[in-house]
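Here's the structure, in structure tokens; my notes come after.
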């Protein structure tokens, strides 16, 4: 008898968890063994339930999906983590892979993609949604050419803000796009300059363009 794939769903939205559970449980050979509302609970339920696959949202309260993935892979390396997220940005994509995720799937994907992705990562392989796979290939090409699409010393949010600054957006425009306060953008910009040893917005923009961060 074929072993069932045991799945834990981690997402802070009840309607998403319910919908994903319904889709997965309609498939033969897949069983949803639990649901977590945040990263901290995902870690605890992974310890208790020992799932084969954790479907991991990124933007969750308390402990986010990035940190939860890192902790889960450190403690239970045989558990596969599949990111299921609305985030299309390269920063989150590459950061999840660095944390140990075996796949990255967008919430707008087809049901067949979700089922296929779960089966692929449960088998110990890697699944990347086509548009995200293109980003990986492009980043590899950039690295071969001496450039990189992201700066590894910066956080995903800092890279995101650096990209927007380089595109000419003001602090207020960035705040509006990211749904954060202008003061938070200012704080990130200050941290960016300190980390990179730069002293002005102009130098930040020049740095981003020189590094191929656009």
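The values are calculated or read from the model by the stated rules, or taken from the named source; none is laboratory data. Here the structure is a predicted model, which means the values were calculated and not measured. So basically every Cβ, Gly included, is an ideal-geometry build from the backbone, and we count neighbours across all protein chains shown.
Structure values in brief
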read-out: Filter pass, residue 74 being over 24 Å from residue 110 (Cβ atoms), buried (at least 21 other Cβ atoms within 10 Å of the Cβ) and without any contact (Cβ under 8 Å) to a residue 60 or more places away in the chain; value: no
read-out: Residue ID - farthest from residue 3 (Cα to Cα), chosen from residues in region 41-61 that are within 16 Å of the chain's Cα centre (by Cα) and surrounded by fewer than 18 Cβ atoms within 10 Å (Cβ to Cβ); value: 61
read-out: Residue check, residue 58 part of a helix (DSSP H, G or I), assigned by TED's automatic domain parsing to the domain that holds residue 126 and at negative phi; value: no
read-out: Helices (runs of 4 or more DSSP H) fully within region 145-214 counting 1 or more residues that are modelled with pLDDT of 80 or more, outside the structural domain of residue 91 (by TED's automatic domain parsing) and within 23 Å of residue 94 (Cβ to Cβ); value: 156-166, 171-178, 182-196
